[in-house]
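Reviewing the structure listed below.
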Amino acid sequence: MASTLLLRESGTLDGSSQAVLPLHGVTFAVKDNMDVVGRRTGAGSPAWLATRGKDPAVKNAHVVALLLKSGAVFVGKTQMDELAWALQGENAHYGTPINPASPSRIPGGSSSGSAVAVAGKFCDIALGTDTAGSIRVPASYCGVFGFRPTHGKISLFGVVPLAPSFDTVGWFARDAATLEKVGKVLLPTENPEKSNVEFKTVLIAEDAFAACDAETVAVLLAGLEAFGVKNKLFRDVPRVSLGGDDACEDALGLGGGDEKIPPAPPLTTWWDFFRQLQTKEVRDSLGFWITENDALGSFGPGVRERFQAAADSEFEKDDDGLKKAAEARFAVETRITALLRSGNKHTIVVLPTAPGPAIERTSAAEERLAYRAKQLMLTTASGFAKTPQVTIPCGFVHGAPVGISLMSSPGTDLALLRLAKELTE
């Protein structure tokens, strides 16, 4: 597949009347790790396409079926990083989709083609998946809105797994109103109490902002100031730490009472713990297929090394490391949950989506790895805590987009999407 090819196999899959349906006429594209009836699922991997994806799908992925039922029009499948285990948006086999907002820079992945399809106006919305940032990162890099829902809120039926306890389906749009419309279709509303919550507090994740360069911080804080014009909660926002042992009493107005915010490992250590847990789950999800089809040698650079690490027999024996990682995950989830519901109030945490704009496509391998590690440090929060997170285009640094993220407590997805719309209308 040529690097400039973003969509393929155009056409609608539903001939029913759509005049009164909520997404009537809205065009959508689908990341190629999701099943679409009559199309092959390649997951960005020639080896997967030749084995698991050799026959066209006979059922739609759950999210695809919901969009079609709601009147949306399918226009094609989109490119992705190989088996979704990368964050750059590059694919050694099929090439790298062009970032419409900054053509000299990477688009971000693994949902690269879906973000590019929306940014380039090939479709109104696009589906992707997010395990460690694969919706949020390309949304920031390409200057579009992106949403990762509460983990487990949306069925993953018909989606190729990577690390199931972190995997989510998400979506992109060019405006928050459309992002919310999709949420009303895809998100179950069996809990009206959480769907209709009003947020009472906004906090800045100070340790997350510390991972960004100064120019990016300045742009994001200017965006936060603009939010304050729309909503007074975003004025004079207190600062807290996502990690560490700061009780955050002053910022949260707890007044030294019985309620405390529990400690967690420092944010700078989270990626190491995340990587251990994710690698174990990838091994469990895809290891048998890789061995059965001798697929390891078929993977591109970077992806091959990650799968090799997952296949390493020594990794499987590291029970102590996995135990520590699981304990760290629990501590992070507990602390973030407490921050988001401190004083029995629903709270928004503001954090950078990315440490800066996308790196140049010509960047050296060492620079790519270093930037990837810094990026992943920012995206582990919602993965560990299972929280929804919306990414909003915020401005430009060196002519390239950067996004700002809002995170809220699990289950408050629709309320978060509504807030994003109010802040950006």
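The values are calculated or read from the model by the stated rules, or taken from the named source; none is laboratory data. Because the structure is predicted, anything quoted here is derived from the model rather than measured. Using ideal geometry, Cβ is built from the backbone for each residue, glycine included, and neighbour counts are taken over all protein chains shown.
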With respect to Ser110, determine if the residue is under 18 Å from Arg361 (Cβ atoms) and assigned by TED's automatic domain parsing to the domain that holds Glu180. yes
Where residues in segment 79-125 are touching a residue at least 60 places away in the same chain (Cβ under 8 Å) and among the hydroxyl-bearing types (Ser, Thr, Tyr), which of them is surrounded by the fewest Cβ atoms within 10 Å (Cβ to Cβ)? Ser104
Would you check which residues across segment 153-205 are without any contact (Cβ under 8 Å) to a residue 40 or more places away in the chain and either crowded, with 18+ Cβ neighbours inside 10 Å or not assigned by TED's automatic domain parsing to the domain that holds Cys142 (or both) and list them? Asp167, Thr168
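Select, from Val282, Val332, the only residue that is closer than 30 Å to Lys200 by Cβ and either assigned to a strand (DSSP E or B) or hydrophobic (A, V, I, L, M, F, W, C) (or both).
Numbers: Val282 fails: closer than 30 Å to Lys200 by Cβ.
Exactly one of Val282, Val332 is closer than 30 Å to Lys200 by Cβ and either assigned to a strand (DSSP E or B) or hydrophobic (A, V, I, L, M, F, W, C) (or both), namely Val332.
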Within segment 382-419, the count of residues that are surrounded by fewer than 24 Cβ atoms within 10 Å (Cβ to Cβ) and either not assigned by TED's automatic domain parsing to the domain that holds Ala331 or not in a strand (DSSP E or B) (or both) comes to 8
Condition (residue is of a type in the set (Gly, Ala, Ser), surrounded by 15 or more Cβ atoms within 10 Å (Cβ to Cβ) and farther than 27 Å from Pro401 by Cβ) applied to segment 214-237: is it met by at least one residue? no
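With the requirement that a residue be part of a helix (DSSP H, G or I) and under 23 Å from Thr380 (Cα atoms), what does segment 219-250 give you?
Restricting attention to segment 219-250, the residues satisfying the condition of being part of a helix (DSSP H, G or I) are 219-230, 232-234, 249-250.
Passing the criteria: Val219, Leu220, Leu221, Gly223, Leu224.
Pick from Ile348, Ile392: which is modelled with pLDDT of 95 or more, within 18 Å of Cys248 (Cβ to Cβ) and within 18 Å of the chain's Cα centre (by Cα)?
When all the criteria are applied, what remains is Ile348.
Select from segment 286-315 the residues that are aliphatic (A, V, I, L, M) and surrounded by 18 or more Cβ atoms within 10 Å (Cβ to Cβ) and list them in ascending order. Spell out the reasoning first.
Just the residues of segment 286-315 that are aliphatic (A, V, I, L, M), to begin with: 286, 290, 295-296, 303, 309-311.
Of everything in segment 286-315, those that are aliphatic (A, V, I, L, M) and surrounded by 18 or more Cβ atoms within 10 Å (Cβ to Cβ) turn out to be Leu286, Ile290, Ala295, Val303, Ala310.
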Assess whether Lys421 counts as being touching a residue at least 40 places away in the same chain (Cβ under 8 Å) and within 13 Å of the chain's Cα centre (by Cα). no
Report, ordered by the first and then the second residue, all pairs with beta carbons closer than 8 Å, sequence separation of six or more or different chains, a first member in segment 36-47 that is assigned by TED's automatic domain parsing to the domain that holds Pro301, and a second member that is small (Gly, Ala, Ser) and assigned to a loop (DSSP other than H, G, I, E, B). none
Would you be able to tell me the number of residues in segment 341-381 that are of a type outside the set (Gly, Ala, Ser) and in a helix (DSSP H, G or I)? 14
Among the residues of segment 72-90, write down those that are aliphatic (A, V, I, L, M) and under 30 Å from Val20 (Cα atoms). Ala72, Val73, Val75
State the number of residues belonging to segment 211-266 that are over 15 Å from Lys345 (Cβ atoms) and touching a Ser or Thr at 6+ places or on another chain (Cβ under 6 Å). 1
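Give segment 94-153 a look and list any residue that's in a helix (DSSP H, G or I) and either modelled with pLDDT under 95 or not polar (S, T, N, Q) (or both), or say none. Talk me through it step by step, then tell me what you get.
Taking segment 94-153 as the starting set, the residues that turn out to be in a helix (DSSP H, G or I) are 112-119, 136-142.
Answer for segment 94-153, where residues must be in a helix (DSSP H, G or I) and either modelled with pLDDT under 95 or not polar (S, T, N, Q) (or both): Gly113, Ala115, Val116, Ala117, Val118, Ala119, Arg136, Val137, Pro138, Ala139, Tyr141, Cys142.
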